[in-house]
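**Student:** I'd like to ask you about the structure that follows.
Read the figures in this text as sums done on the coordinates, not as results from a lab. This is a predicted model, so every value here is computed, not measured. With ideal geometry, Cβ positions are generated from the backbone for all residues, glycine too; neighbour counts draw on all protein chains shown.
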2 protein chains.
Amino acid sequence: MTIESTVGEMAKAAKAASMKIARCAAEKKNDVLLKIADKIDKGASYIQEENKKDLVRAREMGISNAMIDRLTVNDSTINSMADGLRDVALLDDPVGSITRTWQRPNGLQVSRMRIPLGVIGIIYESRPNVTIDAAGLCLKAGNAVILRGGSEALHSNQALAGIIASALEETGLAKETVQVVPIRDRLAVNALLSQEEYIDLIIPRGGEGLIRFVVENSKIPVLKHYKGVCHVYVDKGADFKMAQEICLNSKAQRPGVCNAMETMLVHKSVADEFLPYMEKIFNQARVEIRGCPETCRILPDATKAKEEDWPAEYLDLIVAVKVVEDMDQAVIHIDKYGSNHTEVIVTSDYNRARRFIREVDSSVVLVNASTRFNDGGQLGLGAEIGISTSKLHAFGPMGVEELTTTKFTVLGDGQIRQ
Amino acid sequence: MTIESTVGEMAKAAKAASMKIARCAAEKKNDVLLKIADKIDKGASYIQEENKKDLVRAREMGISNAMIDRLTVNDSTINSMADGLRDVALLDDPVGSITRTWQRPNGLQVSRMRIPLGVIGIIYESRPNVTIDAAGLCLKAGNAVILRGGSEALHSNQALAGIIASALEETGLAKETVQVVPIRDRLAVNALLSQEEYIDLIIPRGGEGLIRFVVENSKIPVLKHYKGVCHVYVDKGADFKMAQEICLNSKAQRPGVCNAMETMLVHKSVADEFLPYMEKIFNQARVEIRGCPETCRILPDATKAKEEDWPAEYLDLIVAVKVVEDMDQAVIHIDKYGSNHTEVIVTSDYNRARRFIREVDSSVVLVNASTRFNDGGQLGLGAEIGISTSKLHAFGPMGVEELTTTKFTVLGDGQIRQ
């Protein structure tokens with residue numbers, strides 16, 4: 001069979017399976033999730049053996065240490081995969097829940113009921129735990145899923161797929177509900193992205209290169225974010241201690257992730273006082289400052305920022321700093337250079353807090369809290385399948401609910417249209 | 001300027017305007033809507049003169065009477081455009097409304113706030129009233145909009161665009177908030193569909209050919225339905241009088257629209273009694289019956305249905321009729337031939353009513369009511385920009401709310417991540 005026909009058959013089978021899992025009771029879906037978790041615990045040594053095959057091959061191919069790190073399944077990965085599934089089983093089942101009900105003058109009772117999306121394709125890199133995390137969330141939301149992990153993780157992903165399939169079959173569900181594409185060739189990704197007849201949504205997880213490739217080649221709608229250029233604006237009259245803690249946490253608690261701060265904007269009336277103190281704290285945390293001319297006047301040791309620093313996603317211990325005239329200029333800067341991801345105002349002014357929230361066009365807008373809270377778990381969604389920075393369907397962290405849609409249900413007593 | 005660069009400039013200007021209209025107060029948006037309505041009333045004779053130019057040209061080109069009919073702006077079209085805008089002004093403003101709020105253990109108050117989508121492109125055929133209806137709904141939801149009507153309606157649409165632009169400017173809003181593409185050439189549609197940098201959503205309105213063209217050529221997400229193959233299932237034990245009224249209304253009240261019934265499914269245990277009576281009623285309404293073998297056995301005058309009748313959208317006084325073993329077979333038939341649009345069960349059985357609602361995968365599922373209620377106005381959405389039969393973002397009739405999305409807003413007191 002060609003790659004196209006193999007992937008086509010998988011997609012067709014997924015569609016058929018999706019109609020069954022969509023109608024599956026919550027209890028049964030939770031049974032599957034808990035069964036997979038138990039099998040992961042019991043199959044730990046088998047999973048790690050299969051993972052070793054991937055690691056040996058990856059080392060032979062000279063893959064970077066960072067990637068080897070992400071590829072490795074250790075005891076803690078095993079535990080977090082199993083526990084993650086148990087957490088997802090505890091979440092409320094979104095399917096069948098009524099989000100709203102109203103009555104029409106003619107007596108019709110109209111409701112909106114949550115239903116699954118159908119078939120979801122997940123395209124991701126190295127980390128084998130995504131196989132379990134994504135499968136768990138898709139199953140919980142009543143969707144079938146096709147997973148295409150990195151070719152370097154194929155043994156690990158197939159071991160996990162086998163465990164999921166046996167749990168599905170033991171529970172009386174079709175094993176095609178969760179499938180891993182068993183093909184290393186990148187053409188398998190193209191083949192997957194062409195199954196618009198069977199696949200309803202693609203979610204890519206990985207670096208900007210992977211995501212752009214998926215968007216450019218997909219005939220299926222894609223939910224994604226390219227990058228997070230997140231801002232913290234320190235307002236006139238902000239509590240300095242709070243501002244410093246929030247800026248440090250936003251930048252340095254985990255600099256390599258999309259919800260880390262990349263640019264700090266400071267109101268000119270507090271810059272002279274705030275920046276020197278903040279510089280000390282950034283220095284202690286080994287954060288390099290790249291400043292606008294005004295910042296560099298106040299902080300002579302700062303590097304001069306170039307134009308390309310303002311839209312940069314450093315993912316590193318570097319921060320761009322700009323002194324702004326007022327909040328409006330901060331918002332204009334964010335409009336121009338931001339990525340609609342996460343923005344923070346640190347303020348004690350009620351009106352500007354309200355105005356910042358309304359006017360900033362980002363998936364998560366925070367007052368007096370760290371950018372690092374843009375995360376499904378942190379915001380209370382239970383778990384997260386990714387973050388969307390485009391507005392259609394979902395904007396911001398996506399949990400189980402974002403893997404569903406609603407249909408209208410109408411209860412009548414013989415109503416007809418006049 | 002080339003077509004590409006003209007459309008590109010329009011899209012860029014729309015994006016800039018969208019950021020202003022997104023932040024515009026509800027009162028001001030309603031002022032614009034009411035002002036456009038008044039200007040339509042006052043400009044009626046001017047609009048109709050411009051419309052006559054289109055009609056003269058259309059007749060010269062030998063366009064069909066049905067199309068001439070749709071193209072004509074008469075006094076009643078004028079009134080319905082103006083009144084429609086006044087109705088939309090009375091709707092609740094979705095922008096800024098909080099759909100949910102919850103508290104995190106660390107004290108963060110998380111909310112989801114409705115915000116506009118951005119820039120919406122509407123691609124449609126002949127009817128000039130769509131220019132006003134679509135512009136009104138997009139404005140209400142805080143979006144900028146680019147309208148590309150049929151080339152045959154260009155004079156009418158430009159007259160309406162001029163009225164909208166003057167109302168926008170008098171209210172202090174950018175005239176680029178609503179733009180009509182002033183180009184007859186169909187390449188303008190292709191140019192519009194390539195502006196993925198500036199346009200967030202495309203909604204095509206028209207026949208299946210137009211919609212397929214848009215989907216195949218768009219780099220921007222498209223919300224649409226291709227067709228409505230709607231079913232009514234008459235269950236064992238259904239109230240016959242109710243079933244007959246619902247089937248007649250679903251089929252014949254307005255056969256040329258997407259929410260008309262195309263196939264009637266009848267439980268075998270009631271077919272012998274129900275079908276002959278229903279046949280009389282269909283005969284009176286001049287509805288032709290195309291039946292399965294069992295239907296033709298009971299109704300010897302019925303035409304024999306062919307395989308292509310089951311997925312057919314007749315949009316005419318024709319109905320396909322099939323006798324089924326039970327509700328499960330009805331659902332299987334709908335899964336196979338339906339278009340995820342509108343399905344009805346007529347029943348007096350509680351369990352099957354509940355099961356039909358859960359199991360049928362359509363945007364609107366009704367119990368004991370006509371298919372004709374799948375309509376934004378009828379279901380209480382206030383007005384409708386179209387119907388979506390794909391699940392991402394919106395499924396079913398789309399009102400003002402479906403022209404928005406939500407962002408997360410987070411109120412803190414200095415929270416940082418541990």
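**Student:** Compare the Cα positions of A:Ala243, A:Ala13, B:Tyr46 along the charge dipole of the protein assembly as shown (+1 at Cβ of Lys, Arg; -1 at Cβ of Asp, Glu; about the Cα centre) and return the one farthest towards the positive end.
**Tutor:** Comparing the listed Cα positions along the dipole, A:Ala243 ranks first.
**Student:** On to the next question. Taking 2.2 N^0.38 Å as the expected size of a compact globular protein, what ratio does the Cα radius of gyration of chain B give against it, to two decimals?
**Tutor:** 1.10
**Student:** Still on this structure, I have one more. Can you compute log10 of I(q)/I(0) for region A:215-290 with the Debye formula, treating each Cα as one identical point scatterer, at q = 0.19, 0.22 Å⁻¹?
**Tutor:** -0.78, -0.99
**Student:** Run the label-point distances for B:Lys42 please: 7 Å along Cα to Cβ, every other copy, nanometres, shortest first.
**Tutor:** The projected label point of B:Lys42 is separated from its counterparts by 8.0 nm.
**Student:** Using the alpha-carbon atoms, what tilt in degrees (0 to 90, nearest 10) does helix A:44-60 show relative to the longest principal axis of chain A?
**Tutor:** On a 0 to 90 degree scale, this one is about 60.
**Student:** Here is a follow-up. Suppose each label sits 7 Å from its Cα in the direction of the beta carbon; what would the B:Ser111-B:Asp328 distance come out to in nanometres?
**Tutor:** 5.0
**Student:** Here is a further query. Ranked by Cβ crowding within 10 angstrom, fewest neighbours first, how are B:Asp309, A:Asp335, B:Asp239 ordered?
**Tutor:** Starting with the residue having the fewest Cβ neighbours, the order is A:Asp335, B:Asp239, B:Asp309.
**Student:** Can you pull the mean other chain C-beta count within 10 Å for peptide A:393-400?
**Tutor:** Mean shielding count: 3.
**Student:** Another one. Restricting the count to DSSP beta bridges whose residues both fall in the protein assembly as shown, what percent are antiparallel, rounded to a multiple of 5?
**Tutor:** That works out to approximately 25 percent antiparallel.
**Student:** On average, how many beta carbons from a partner chain sit within 10 Å of the beta carbon of a residue in A:103-113?
**Tutor:** Whole-number average of other-chain Cβ neighbours for A:103-113 is 3.
**Student:** Now, a different point. Given R₀ = 41 Å, what would the calculated FRET efficiency be for A:Lys42 paired with A:Ala16, taking r from the Cβ atoms and rounding to 0.05?
**Tutor:** Result of the calculation: an efficiency of 0.85.
**Student:** Provide a whole-number value for the mean count of partner chain Cβ atoms within 10 Å of the Cβ atoms in peptide A:382-392.
**Tutor:** 3
**Student:** How long, wide and thick is region B:230-376, going by the Cα atoms along their three principal axes, in whole angstroms, largest first?
**Tutor:** Principal extents (Cα only, largest first): 36, 31, 28 Å.
**Student:** Using Cα atoms only, what is the angle between the long axis of helix A:240-252 and the major principal axis of chain A, expressed in degrees (0 to 90) to the nearest 10?
**Tutor:** On a 0 to 90 degree scale, this one is about 50.
**Student:** Taking a label point 7 Å from Cα toward Cβ, how far is A:Lys12 from its twins in the other copies, in nm, shortest first?
**Tutor:** Reported distances to equivalent positions: 4.8 nm.
**Student:** Could you give log10 I(q)/I(0) at q = 0.06 Å⁻¹ for the protein assembly as shown, computed by the Debye formula over C-alpha point scatterers of equal weight, without solvent?
**Tutor:** -0.44
**Student:** Report the residue of chain A with the smallest Cβ-to-axis distance, using the rotation axis that brings A onto B, in whole Å.
**Tutor:** Taking the axis that maps A onto B, the answer comes out as A:His393, 2.
**Student:** With a Förster radius of 30 Å, plug the Cβ-Cβ distance of B:Arg297 and B:Asp349 into 1/(1 + (r/R0)^6) and report the FRET value to the nearest 0.05.
**Tutor:** That pair, B:Arg297 with B:Asp349, gives E of 0.70.
**Student:** Filter the GluC sites (Glu not before Pro) in region A:305-378 down to the DSSP loop ones having no more than 11 other Cβ atoms within 10 Å, then list what survives.
**Tutor:** Those satisfying the criteria are A:Glu325.
**Student:** Related question: Determine the gain in length on full extension of the stretch B:Thr6-B:Ser64; use 0.36 nm per residue of separation and subtract their C-alpha separation, reporting nm with one decimal.
**Tutor:** That pair, B:Thr6 and B:Ser64, stretches by 17.8 nm at full extension.
**Student:** Would you mind ranking B:Tyr198, A:Tyr46, A:Tyr337 so that the residue whose beta carbon has the fewest other beta carbons within 10 Å leads the list?
**Tutor:** A:Tyr46, A:Tyr337, B:Tyr198
**Student:** Right, something else. In degrees between 0 and 90, to the nearest 10, how far off the longest principal axis of chain B does helix B:75-90 point, with axes built from Cα atoms?
**Tutor:** Between helix and principal axis, roughly 70 degrees.
**Student:** Could you compute the net charge surrounding A:Lys241? Neighbours are other residues with a C-beta less than 14 Å from the C-beta of A:Lys241; K and R count +1, D and E count -1.
**Tutor:** Taking every Cβ under 14 Å from that of A:Lys241, the sum is -3.
**Student:** Taking the highest mean first, how do the peptides A:222-231, B:379-388 order by number of other beta carbon atoms within 10 angstrom per residue?
**Tutor:** A:222-231, B:379-388
**Student:** Could you pull out which residues in region A:240-255 have an amide N less than 11 Å from a spot 7 Å beyond the Cα of A:Gln284, following the Cα-Cβ vector?
**Tutor:** Inside the label zone: A:245.
**Student:** If I model a spin label at A:Arg86 and B:Glu313 as a point 7 Å from the Cα along the Cα→Cβ vector, what separation in nanometres do I get?
**Tutor:** For the pair A:Arg86/B:Glu313, the computed spacing is 5.0 nm.
**Student:** Between B:Lys52 and B:Glu170, what FRET efficiency comes out of the Förster formula 1/(1 + (r/R0)^6) with R0 = 25 Å and r the beta carbon distance, rounded to 0.05?
**Tutor:** After rounding, the FRET efficiency stands at 0.40.
**Student:** Counting DSSP beta bridges in chain B, what percent are antiparallel, to the nearest 5?
**Tutor:** 30
**Student:** Describe numerically, in nm with one decimal, the distance between label points set 7 Å from Cα along Cα→Cβ at A:Glu27 and at A:Tyr277.
**Tutor:** About 5.9 nm separates the two model spin labels.
**Student:** Would you kindly work out, in nm and rounded to one decimal, the distances from the label point of A:Arg184 to those of the same position in each other copy, ordered shortest first, with label points 7 Å along Cα-to-Cβ?
**Tutor:** Relative to the other copies, A:Arg184 has label-point distances of 6.0 nm.
**Student:** Separate question: Along each of the three principal axes of the Cα atoms of region A:67-224, give the extent in whole Å, ordering the values from largest to smallest.
**Tutor:** That gives 63, 36, 27 Å along the principal axes, largest extent first.
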